[in-house]
Amino acid sequence: MKNVLFAFAMIVSAGGCAMSPAPINNARSVPMERVFRADALPLANNARAIFVRDAGVSGAGAYRHLYIDGKKAASLNPGEKIEFMLAPGEHEFGATPTDGLNTRSLNALTQDLKADKTYFYRIQTEDSSFRTTLQRFVPDYQ
C-alpha cells in the first residue's frame, strides 16, 4: 500500500510541474536585490538581452541563476524577467538552478550580439529531468 501511495504521489507531483512560457508583457521584473550585474551602458550602440523565466510550479522555491560571461548576473523566480544592455560582440549566457552541493552543471550558449538589436532568452526547466535550459526565442508580440 505504501508503494502505491508513493507512486501516486510521484505521478501527481510530476504532473503538477509543467512549465509554461511566461509572456514578456506579464512577467515581473527581478527585484534589484537579486541583480548582481550593475552595468549602466547607454541604449545607443549596445545590444539588449532580455531573459525571462518560465512560469510554473516546478522548483518554485529555488531560483534559477543567470550568468553572463561567467559571472552571476541575476537570480530569477518563475515568471520573472531581467534586461541587460551589453556591448556588441560575443557573450556567453548560462543558467543553473540553486544547488548548494554544486552537483548541477551550467547550461550555456554563446551568442554574437549586434549593436542596436534586442535578443530574447527563455530560462526553463524540463519536466522529465528538472534540468535547467536556456534558449533564444522570438516573443509572440513582435
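Structure notes:
- Local electrostatic count, residue 45, Cβ distance below 13 Å [Lys/Arg +1, Asp/Glu -1]: +2
- Cβ-defined net charge surrounding residue 110, 9 Å radius [Lys, Arg +1; Asp, Glu -1]: -3
- Protection proxy ranking of 30-42, 74-86, 107-119 - average other beta-carbon atoms within 10 Å, highest first: 74-86, 107-119, 30-42
- Additional length obtainable on full extension of the chain from residue 131 to residue 71, 0.36 nm per residue less Cα span: 19.6 nm
- Label-point separation in nm, residue 41 to residue 25, each point 7 Å along Cα→Cβ: 2.8
Just so you know, all these numbers are worked out from the coordinates, no wet-lab data involved. In this text, all values refer to a predicted model and were calculated from it rather than measured experimentally. Counting neighbours? That spans all protein chains shown, and the Cβs are built from the backbone with ideal geometry, glycine included.
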